[in-house]
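Notes for the one structure printed next.
Read-outs throughout are calculated quantities, based only on the coordinates presented, and are distinct from any laboratory measurement. No experiment lies behind these values; they were computed from the predicted model shown. Methodologically, a virtual Cβ is constructed for each residue, glycine included, from the backbone with ideal geometry; neighbour enumeration extends over all protein chains shown.
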Amino acid sequence: MTPFTQANNHLRSGNPAQAIPLYLQALRTTPDLSRVITPGIILARKRHLAARQKQKPTVAVCGWELAHNPAGRAYNLAQMYAAFTDTEIIGAYFPKWDRKIWPPLGNVEIPVHSFVAEDQTRFADQALDLVMAHPYDVVHLSKPRMPNILFGLLYKLIWGATVLMDIDDEELAFADAETPLTLDAHLQKHGRLPELTSLEGKEWTRLGVGLATAFDGITVSNPALQKRYGGQIIRHARDEKRFQPSPELSSQSRSKFKVPPDKKVVLFFGTPREHKGLLETARAIAGLGRKDVVFAVVGDFPDPALKQKLQEIKGVETLFLGNQPVQSIPEVTALGDVCVLLQEPGAMVSNFQIPAKLTDALAMGRTVILQDLPPTADVIQSGAVIPVKDKNALPRALERALAQPPSAQPDTKAQDLFLKEFSFAANTPRLRQTLETARSAPKPLDTLHPLLQHIAPLAPYSSLAGLQSKTKAPDTKHLKTENAVSIIILTRNAAQHLDNCLNSFIKTNTHNPVELIIIDHASTDNTADVVAKYKNKGDIQYIHRDRNYTFSESCNFGATRARHPYLLFLNNDIIYTDDVLGKALETLKKDEKIGAVGVRLDDVPAQGKTQTIQHLGIEFKWNEKRGYHQPQQIRHPSLKDFLSAPTTYNLQLTTAVTAATMLVRKTDFNTLNGFTTAYTYGLEDIDFCLRLGRDLQKKCFCMNDMGLQHVEGATRKGMYKDKSEVIENNHKVFKEKWNTYIQNNLIQTKQPTTTASPTTYNLKPTTYNLKLPTKILFVLPQTIDGNNGYQVQLLARMLSSQGTHCIVAVPELSEGQSAMSNASSFASNHTYDIRPLISVVSYSSLLTSDPASLTLGPLDLIHAWTPREVVRRFTEKMLERHPCSLIIHLEDNEEYLTETALNRPFHELVALPESELDKLIPQNRYHPTRGRRFLDQASGLTLIIDTLNRFNTRNVPVQVLAPQVDERLFYPRPLNMKLRRANDIPDDHLVLVYTGNVHAGNKDEVNELYKAVDILNQQSCPTVLLRTGLDKKGLGTENWNRQFEKHLGWVKREQIPDILAAADILVQPGEPGPFNDERIPCKLPEFFAMGRPVVLPKTNLGLKAAHGKKAYVLQKADAEGIAAATKEIFSNKTLAGHLAKEGAFFFRTIFDAHHTIKKLALIYTSETLQNFTFTHKQ
């Protein structure tokens, strides 16, 4: 009997669950019969779902990998589900970790169904077999990894299951990626999906995270992840019945692990990784000099080298306990007096992860030392833990924590927070509510469908993806979805307004299909009854949230629930008086450069009053009190007069519109990560519109020939207590973010202020009578976001203003970049667009494409940025394919950098055979012989400083191009007291700021700066060093005295000016020598631009800035010299003011963008270049 016949028999016998796997087996073996088999599957699934609706739901929590720690979160979710459903765990084992369940879970009480993915090319087949054998009503995926995505897809496809996604980490961080990737983007670029050989790898992980919101609901573990992905927070919760602290349990634990009762125990438990601060904790304990403290580390080390480093730290007694079963967590936690939970500030994983062990420590009433990071902000605010801003504050925090006697009672604040927020009792109801909401409004499979088409074992089932969800609006099922709109309405205790809005919309709107997503912020009035009244009049999702969220948070959440490609944000106090939706959609679709469509908003008519217009778009007007051009609605005093003047309809293309009624593409909304969550019911819509313009180059359109009525301000009533405080805070956030952008891009006249404001480039094609190349290829040695990439971006902006098309070639495109992209897409570290269009292209895409059809077209010249090997090799290949002129830029003493990297004198390297040099010279360094020949092939050189002209042995044309500075970012600013106070720096302290990385070339001079800070503090001049940047490993920087440092980690470039503004004095350490004499640190011009006193050595810029007039110039900027100079400047306000003012003037005279463009024109059009022909010399 064939599987198809058996399936039919089961279906007739009332066993649809047995029929479905047999139908699928038939479809797999005879795909040509899909037209015959598919109706059977449809009917069987329909009957199966109908039968299951009457039963207690069955739930599977799916762990993408059950052999290591990701299984912990899956088990935690399953424990909570088990309280109200029949629950099991499913998943896979990848042999690189193990072939059995993660040891700490041991013999879990919840059934587990799994398989070992020995051959990943068979993963889809194995997953399909598991899914067919184990049907569930609900599947909750733990982590957005691709194995889970495939499980979720199959459960929705085969069983019609409700599928939710849980996110408790930023998975991109574990795959060394920065951005997710959509299926469409990947397929457009490659035409196929990656091979099924590394599902845990970077490419599949980016795709998995890109599909995180494709399912029916989302849960997350902390507020930082909620802001990123939306969804309901479900904590790393624990069963309050099992976590009962007592002195007896502590004594029992110490006895078991052989810890004397008189010892204090500092406890770390979890997966020991270096970013979690184990080394810093051990060193801090050692620094206390106490013999009564034990450092207990619970967990197996993925990296044995970390354990070895811990063992080598002297002065601390360390106890290694290895992994412990989850059943013994209360006992293990009771061992500790203090639990230390640190992370690496600035690391992506730290910005989105909250340690699961925090819950254990709170539940057992332990004293917790916790890193102050975005995911833990609400925990810090509760006062239940001891916060530390950075690891330098750890010793003091440990002293405070260890001051309590061993017999201290459990911390009641910690236990109270656990019961309120982290217990099963608190989280299980949230989970149940999330499940009910997800089951009421399932999403279609549209986004996931390409997986079925492009993964071979799943291809026979792709036809099933067309099956519609079991819940559909009855009157829109026959309509196409390409014009479908999801309408998101927020409400809170405004039943009457909502009733008016829904009633007027349903009566007036003729556009379909639409779905209404009504998000209720814990209303206590009859809002639910109002929604119920309209439930049968359209496709309505009603989502009742547990508290009053912000506008941004709930709109972003609503967007994750939206099934349609367009989003309309609609206030609940709108009265729908005109049929605007169809025309708004037509306007949005006809022009890709329109990113949002708003509508005229009129007052509600009132007897005896002239009906006015509230909104015709947004304009930016100077506000004296707030000190910036603030956004405000364009109003009109009379609707009647406005409508009688048709020419006013031309005032429709605008910078921004209000989100009281705003239509956008869902793709644009997701690209910009929705509304920014920094605002509270105000300005988030204007922020979004400005990002549409800045990041996507899209305008807004206000339909002023049609209008709706708006009960202005009704939405905000009851949303927050202190309205004025909230409004002012919104403006403060908005001003900090957008003030400079508004001045430079949206305002025609300068603001009325006496403070220094940024200058702008005014390089229009008619500015100069310059002859410039039509097309230039810049070749970078690293990504576009590096220092030299930043310099090239600024030059390209100037050249583009003169009509030159600039292309930038980089070794590898950074995450999320396409092969040919707008500059604004790669300039993520900058607040401003680089216009007009410039292209960023990878080396490989240029070398593998057809030269004749290359997007670049004919090149006028190549400007190679440094003669380093990676640049040389690519440039020579490009010149063979595209013969043109060659300019090479020098920005360092390349010989010195090479000998430093290899630790051998350069003259010795030159004498070596070239074949041996080829093996020795790294790609990021200059080749003594091949690099020299490459320089000799250039028809011109650009130099960052004139001392590099010694490399010009052929006497070709040369121009000195000083480092460029984006003057829209770097300009004199007031002292940034907000940042100083946020880092606990007293107002009377001297603050020095150093922005930059530490590497082999500068480690000694930067160390001198740290020593200078130490000297100043010893001399009773309290000083703090505010640092940004990264320290290259292996340089010994961890041994520096960093007690007076506030390290902010790596920051985006647009944040640097605000950090520099916190400084009293800016210092460039160093001394004359082969390294500094032939370079200009890019940060130095930025220092001068900020209008602060600058201390620097008598080399490079120190030779041009007169001592005591433009800067404080030292013969040698070492520790003693820096300490003496900064102390003198700080104590002499007159000198400080003079150096700040004259230093800013020095910057404007030396670093002039207009001079730079002229210099480029001179060298690009020199006679030597016109007669140049490249000849490749081996």
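Considering the stretch 1-55 at the alpha-carbon level, its Rg and Dmax are found to be 10.8, 36 Å.
Computed over the stretch 501-625, the percent of Cα pairs more than 21 Å apart is 52.
Using the average count of surrounding beta-carbon atoms within 10 Å as a protection proxy, the listed peptides 68-79, 1031-1042, 446-457 rank, highest first, as 68-79, 446-457, 1031-1042. Can you flag which of Lys583/Lys640; Lys621/Lys737; Lys1003/Lys1110; Lys593/Lys621; Lys156/Lys533; Lys775/Lys1158 are past 19 Å Cα-Cα? Pairs exceeding the cut-off: Lys583/Lys640; Lys1003/Lys1110; Lys593/Lys621; Lys156/Lys533. Each peptide in 1134-1143, 692-701 receives the mean, over its residues, of other Cβ atoms within 10 Å, and ordering these scores from highest gives 692-701, 1134-1143. When only alpha carbons are used to place a centre, the stretch 354-383 and the stretch 1125-1165 end up 47 Å from one another. A cut-off under 13 angstrom between Cβ atoms defines the neighbours of Leu897, and their net charge, with Lys, Arg +1 and Asp, Glu -1, is -3.
Roughly how many Å is it from the Cα centre of the stretch 534-563 to that of the stretch 921-977, as a whole number? Answer, in whole Å: 55. Around the Cα centre of the stretch 1-55, unit charges on the Cβ atoms of Lys, Arg, Asp and Glu (plus for the first two, minus for the last two) sum to a dipole of about 280 debye. Most tightly packed first, judged by the mean number of other beta-carbon atoms within 10 Å of their residues, the peptides 137-147, 1104-1114 read 137-147, 1104-1114.
Working value for the chain: equivalent-ellipsoid semi-axes of 50, 40, 34 Å, each the square root of 5 times a Cα gyration tensor eigenvalue, largest first.
Across the options Thr942, Gly931, Asn976, the greatest Cα extent toward the positive end of the charge dipole of the stretch 904-979 (unit charges at beta carbon of Lys, Arg, Asp, Glu) belongs to Asn976. Remark: for residue pairs Lys264/Lys291; Lys625/Lys699; Lys389/Lys1127; Lys1116/Lys1159, the C-alpha separation exceeds 21 Å in Lys625/Lys699; Lys389/Lys1127; Lys1116/Lys1159. Counting Lys and Arg as +1 and Asp and Glu as -1 over every other residue whose Cβ lies under 11 Å from the Cβ of Lys1052, the net charge comes to -2. Once the convex hull of all Cα atoms in the stretch 42-141 is built, its volume per residue stands at 94 Å³. With q set to 0.21, 0.22, 0.24 Å⁻¹, the log10 of I(q)/I(0) for the stretch 131-204, from the Debye formula over equal scatterers at the Cα positions, is -1.03, -1.08, -1.15. Amide H to amide H, with H built 1.01 Å from N, Val163 comes under 5 Å of Val139, Asp216, counting only residues 5 or more places away or on other chains. A dipole drawn for the chain from +1 and -1 charges on Cβ atoms has a positive end, and of Phe569, Ile1059, Met364 the residue lying farthest that way is Phe569.
In terms of its C-alpha gyration tensor, the stretch 117-171 comes out oblate, because a/c is 1.5 or above while a/b does not outweigh b/c. Magnitude of the charge dipole for the chain, about its Cα centre and with charges confined to Cβ atoms of Lys, Arg (+1) and Asp, Glu (-1), is about 1340 debye. Using the Cβ of Thr947 as centre and a radius below 14 Å, the other residues enclosed give a net charge of -3, where K and R count +1 and D and E count -1. Ratio of Rg to Rh for the stretch 485-745: 0.94 [Cα atoms; Kirkwood radius as inverse mean 1/r over pairs].
All alpha carbon pair distances within the stretch 977-1150 were sorted into 10 Å bins beginning at 0; the resulting P(r) in whole percents reads 10, 41, 40, 8, 0. Relative to the 2.2 N^0.38 Å rule of thumb, the stretch 247-422 has a C-alpha radius of gyration ratio of 0.95. A Cβ-based charge dipole, computed about the Cα centre of the stretch 503-570 with Lys and Arg at +1 and Asp and Glu at -1, lands at about 200 debye. Annotation for the stretch 1-80 versus the stretch 1072-1089: alpha-carbon center distance of 67 Å.
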